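For reference, the structure is listed below as structure tokens.
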Amino acid sequence: MTTNRWARTAVLAALLFPCMAAAQKIKSGYDKSADFSSFKTYAWTQQQPSPIQPLVATVIVADIDHELSARGLRKVDKDPDLLVAYYAGANAQSAFAPADPGHLSTGGIPPPNATMWTGSLPATALPQVVKGTLVIDLADARRQQLIWRATAEAKINYEKQSKIYDTVNKVIPKMFEKYPPAPGSK
């Protein structure tokens with residue numbers, strides 16, 4: 001009986017995993033001429049802390065440090081082999097245009113309870129889809145050349161702050177799944 005339950009759980013997880021993975025779009029690329037086995041140390045480039053989400057920035061840095069450390073790289077203050085930088089941003093997309101007196105966003109048909117004086121739906125009622133983007137760059141410090149980049153896009157729900165941290169904690173390990181690239185991989 002217990003074996004059947006585990007088998008059903010495994011099948012269900014296998015079916016649901018692609019749906020969960022599709023929520024985040026991750027891409028990575030690298031310089032095929034770089035010898036990744038020669039990189040043993042890293043340091044962060046000079047970056048401005050995020051004024052909007054300083055705690056998220058702290059989580060991003062800690063997660064990247066963890067991933068690099070797990071791959072045998074050591075953080076140093078001077079003379080690193082690699083320079084690390086990240087860039088993050090968000091893009092909000094609205095489904096309706098605010099203050100639309102001609103009701104053009106609804107095909108010329110006023111929404112319920114709208115008059116010629118009120119226009120369309122108020123800005124606060126706008127449904128928004130927010131996409132967050134995170135880019136992580138690793139550069140060869142001696143050659144001053146980018147050798148690896150990973151980009152992740154995911155939906156962000158600003159109303160649930162803890163979900164942002166969960167998303168960051170899930171996305172960064174996925175970004176580093178293909179680091180270091182296997183010799184001869186494409």
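The values are calculated or read from the model by the stated rules, or taken from the named source; none is laboratory data. Keep in mind it's a predicted model, so treat the numbers as computed, not measured. A quick note on method: Cβ atoms are made from the backbone with ideal geometry, for glycine too, and the neighbour counts reach across all protein chains shown. The accessibility values were calculated without ligands, DNA or RNA, using every heavy atom of the protein model including side chains. Shrake-Rupley method; radii C 1.70, N 1.55, O 1.52, S 1.80 Å.
Can you say whether S105 is open to solvent by less than 80 Å² (accessible area, probe 1.4 Å), over 15 Å from the mean Cα position of the chain (by Cα), of a type outside the set (F, W, Y) and modelled with pLDDT of 60 or more, as far as the supplied structure shows? Taking the combined requirement at face value, the residue does not satisfy it. Only one entry of Y30, Y42, Y86 meets the criterion of being in contact with a Lys or Arg (Cβ under 7 Å, 6 or more places away or on another chain), of a type in the set (S, T, Y), at pLDDT 90 or above and surrounded by 12 or more Cβ atoms within 10 Å (Cβ to Cβ), and that entry is Y42.
Remark: pairs (first residue in the stretch 62-87, within 18 Å of S37 (Cβ to Cβ) and polar (S, T, N, Q); second residue part of a helix (DSSP H, G or I) and at pLDDT below 95; Cβ separation under 6 Å; 6+ apart in sequence or on different chains) are absent.
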